[in-house]
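The values are calculated or read from the model by the stated rules, or taken from the named source; none is laboratory data. Only a predicted model underlies this, so the values are computations on that prediction, with no experimental measurement involved. Here Cβ is always computed from backbone atoms with ideal geometry, including for glycine, and neighbour counts include all displayed protein chains.
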Amino acid sequence: MTPVIELEGLGVRFGKRDILKGLTCSLSGRTIGLLGPNGAGKSTLINTLLGFHKPSTGTARIFGHDIRSKITHIRNVVGYMPENDAFIANMTAVAFIRLMAELSGLPSEAALERAHEALFYVGLGEARYRKVGTYSLGMKQLAKLAQAIVHGPKLIILDEPTNGLDPPARQRMVRMIKEMREAHNLHIVLCSHLLRDVEETCEEVLILKEGRIVHYSNLEEERSANRRFVEMEPIGDTAGLAQALEGLGCECAFSGGTRLKAVLSDGIEIRDIYRLAAERDIQLRRLNYRRDTLEDIFLKAMETNTNGSL
Amino acid sequence: MAVYKRSYRAYSGRLTPEWSRFYILTRYALSNLFRSKFLTAAFVMCFFGPLVCMIGIYLNHNASVLALLHTRSNQIINVNGNFFLGFLGMQGGLAFFLTAFIGPNTIAPDLANGALPLYFCRSFSRAEYVLGKLFALFYLLSLITWVPGLILFGVESNLSGLAWMWENRSLGIGIFLGSAVWILMISLIAMALSAWVKWRIAAGAMVLGVMFFLSGFGAAVNAVLRSNIGHYLTPGSLITRVCADLFGVESPIDISVWSAWVGLLIMCGICLLLLSKKVRAFEVVR
């Protein structure tokens, strides 16, 4: 199967600043999450994939089409919902979406029909004859989503789609993203600061930091993997306990200072942990099974040294 | 009213050719322009001059009216290069004021509301965007400049005979070419300024201000330096010189024709450069 997005040593430079530094990876999931702190290069990566910025080194491919040579073809199959306000204020929503559909190549009548459909789909059917400039922030987000899907793209790039939405509107947006993913032959790239949104909707996650890839995670695989996560709060020689657990083949990591997280290897039971703690005169104040959340993955990735590729 | 099921489906119908998509913007821009009653009224008033000229041409060929007026040369107006130069001067001035009102409506709202990424994430280039908006202005301003000009030329040809038309064919070419260059220049100036000054009203004032400032500055340079170098800073002087040459009449602007053409090209080039800096999906802070 052709990967949705392939990055091959992709670098982008603005003036003397390297914004993206030799990114290399291949993403094939139906929904791909793009995470990273402010200034990590997420939006620059999206803009480069859309051909807004020229790569200084390397290249990228979307559905096998090179962004350097086939950008027009790529734009025909991609829908983009930008992060910031993007609309034409003095147009009704239906005229605005119709214009966007026509610019994507749909004939005028088909564009009008699709504009109505898209607005109904995102839940703006009743407000479709109102000017977009009079919409609330949440409604503008939905209008942006409608323009991104109106021409029936194969890949939708959503940049912070839940920005400024109240909790019910956020839930509706997340539900809609899931629905699009499941019901249609669509791929979605979701760029968000909200880890919960990404965790709820994405199969794959790419974490960027300072213009480099610091972590790739296949959430689907991690969800289905039969790994045993234990979180404990020992008092005493914590490092010694971690060392002993690692000696038994467990993976250990500290979080929040005193908390110790461990992935138990095969054949290791909870009573082995108690035994090791007792041998070292360590109190275990708390011990519970706990899987890594995306937040843990993200925080761990932020501590990682950057090397640019997977 | 159609009732749509809440469903999403991919589009698999035919697509319009890519080269023709710039005209979509023209169509939408034109439909938006006439929403303003003031603009519609101003646009209608622009036809007053051509109407008066047409009546003049008609009376020029009406023997009973000429006999009634006892004109010395047996003519009310002399339809020649000077007539059309004056006509284009009047209509060109009106076109400029109209551009100052409608020009900023083309790009400034898109920039103010961040709409450009939505255009350029499709298979739609920056050049097509500028061309689409430019075409809207060209279409509108053509209706008050070279179109009535050529109609007057046609009326005069019809009344004076084909021999007159053949003898004065350069006037027809001049009407079109002179108007087209003027429209192109004022449209580019209006678009470039509206791209830099995102507030529509300020952009309109800026268009008027820049043109009057350039004219005043050019006149001041001419007066202080006792030269004609200031004409190169004045778009009106440059186009007058070019049109005078096209109509084969003596020009009040004493600069060479080729230098006037170069001046116009440089001005258009600067406007295109300003547009290329601003008409982008995203501004990059380096």
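Can you pull out every residue in segment B:108-135 that is surrounded by 22 or more Cβ atoms within 10 Å (Cβ to Cβ), more than 26 Å from the chain's Cα centre (by Cα) and free of Cβ contacts under 8 Å to residues at least 60 places away in the same chain? Correct list: B:118, B:122.
For segment A:33-81, give me the residue count where each residue is assigned to a loop (DSSP other than H, G, I, E, B), within 13 Å of chain B (Cβ to nearest Cβ), of a type in the set (Ser, Thr, Tyr) and over 11 Å from residue A:20 (Cα atoms). Residues in segment A:33-81 being assigned to a loop (DSSP other than H, G, I, E, B), within 13 Å of chain B (Cβ to nearest Cβ), of a type in the set (Ser, Thr, Tyr) and over 11 Å from residue A:20 (Cα atoms): 0 in total.
Of all the criteria given as (1) surrounded by fewer than 24 Cβ atoms within 10 Å (Cβ to Cβ); (2) modelled with pLDDT of 95 or more; (3) more than 24 Å from the chain's Cα centre (by Cα), the one not satisfied by residue A:66 is (3).
I need the full set of residues from segment A:69-90 which are within 18 Å of residue B:18 (Cα to Cα) and surrounded by fewer than 16 Cβ atoms within 10 Å (Cβ to Cβ), in order please.
Selection gives A:69, A:72, A:73.
Take segment B:31-57 and flag every residue that is within 14 Å of another protein chain (Cβ to nearest Cβ) and charged (D, E, K, R).
B:35 - this is the single residue of segment B:31-57 that is within 14 Å of another protein chain (Cβ to nearest Cβ) and charged (D, E, K, R).
Selection over segment A:83-115 of residues that are within 7 Å of chain B (Cβ to nearest Cβ), over 22 Å from residue A:154 (Cβ atoms) and without any contact (Cβ under 8 Å) to a residue 40 or more places away in the chain gives a count of 1. Can you pull out every residue in segment A:42-75 that is touching a residue at least 12 places away in the same chain (Cβ under 8 Å), in contact with a helix residue (DSSP H, G or I) (Cβ under 9 Å, 6 or more places away or on another chain) and not basic (Lys, Arg)? Matches in segment A:42-75: A:49, A:50, A:51, A:53, A:55, A:60, A:62, A:63, A:67, A:74. When residue A:187 is tested against (1) within 14 Å of another protein chain (Cβ to nearest Cβ); (2) over 15 Å from the mean Cα position of the chain (by Cα), only condition (2) is not met. The one condition from (1) modelled with pLDDT of 85 or more; (2) more than 14 Å from every other protein chain (Cβ to nearest Cβ); (3) farther than 26 Å from residue A:258 by Cα; (4) assigned to a helix (DSSP H, G or I) that residue A:220 does not meet is (1). From the list A:193, A:151, A:187, which residue is out of contact with any Pro (no Cβ under 6 Å at 6 or more places or on another chain) and surrounded by fewer than 19 Cβ atoms within 10 Å (Cβ to Cβ)? Of A:193, A:151, A:187, the one residue that is out of contact with any Pro (no Cβ under 6 Å at 6 or more places or on another chain) and surrounded by fewer than 19 Cβ atoms within 10 Å (Cβ to Cβ) is A:193.
What residue, among those in segment B:14-30 that are loosely packed, with under 12 Cβ neighbours inside 10 Å and within 21 Å of residue A:114 (Cα to Cα), is nearest to the other protein chains (Cβ to nearest Cβ)?
Applying the filter and picking the extreme gives B:14.
Taking the numbered list (1) more than 20 Å from residue B:275 (Cβ to Cβ); (2) touching a residue at least 60 places away in the same chain (Cβ under 8 Å); (3) among the hydroxyl-bearing types (Ser, Thr, Tyr) in turn, residue B:157 passes all entries but (2). Would you check if there is a residue in segment A:167-184 being among the acidic types (Asp, Glu), touching a strand residue (DSSP E or B) at 6+ places or on another chain (Cβ under 9 Å) and within 14 Å of chain B (Cβ to nearest Cβ)? No: zero hits.
Residue-wise test of (1) more than 8 Å from chain B (Cβ to nearest Cβ); (2) of a type in the set (Asp, Glu); (3) farther than 30 Å from residue A:41 by Cα.
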| site | (1), (2), (3) |
| --- | --- |
| A:128 | yes, no, yes |
| A:134 | yes, no, yes |
| A:143 | yes, no, no |
| A:156 | yes, no, no |
| A:160 | yes, yes, no |
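Scanning segment B:116-134 for residues that are within 12 Å of chain A (Cβ to nearest Cβ), of a type outside the set (Phe, Trp, Tyr) and part of a helix (DSSP H, G or I) yields B:116, B:117, B:118, B:126, B:128, B:132.
Of these, A:245, A:206, A:260, which one is in contact with a strand residue (DSSP E or B) (Cβ under 8 Å, 6 or more places away or on another chain), of a type outside the set (Lys, Arg), closer than 26 Å to residue A:158 by Cα and in contact (Cβ under 8 Å) with a residue 24 or more places away in the chain?
Sole residue among the options that is in contact with a strand residue (DSSP E or B) (Cβ under 8 Å, 6 or more places away or on another chain), of a type outside the set (Lys, Arg), closer than 26 Å to residue A:158 by Cα and in contact (Cβ under 8 Å) with a residue 24 or more places away in the chain: A:206.
Take residue B:256 and decide whether it is more than 30 Å from residue A:41 (Cβ to Cβ) and either modelled with pLDDT of 90 or more or surrounded by fewer than 21 Cβ atoms within 10 Å (Cβ to Cβ) (or both). So residue B:256 fits the description; yes. So for segment B:50-73 (the condition being farther than 18 Å from residue B:97 by Cα, surrounded by fewer than 16 Cβ atoms within 10 Å (Cβ to Cβ) and aromatic (Phe, Trp, Tyr)), does at least one residue qualify? Taking every residue of segment B:50-73 in turn, at least one turns out to be farther than 18 Å from residue B:97 by Cα, surrounded by fewer than 16 Cβ atoms within 10 Å (Cβ to Cβ) and aromatic (Phe, Trp, Tyr).
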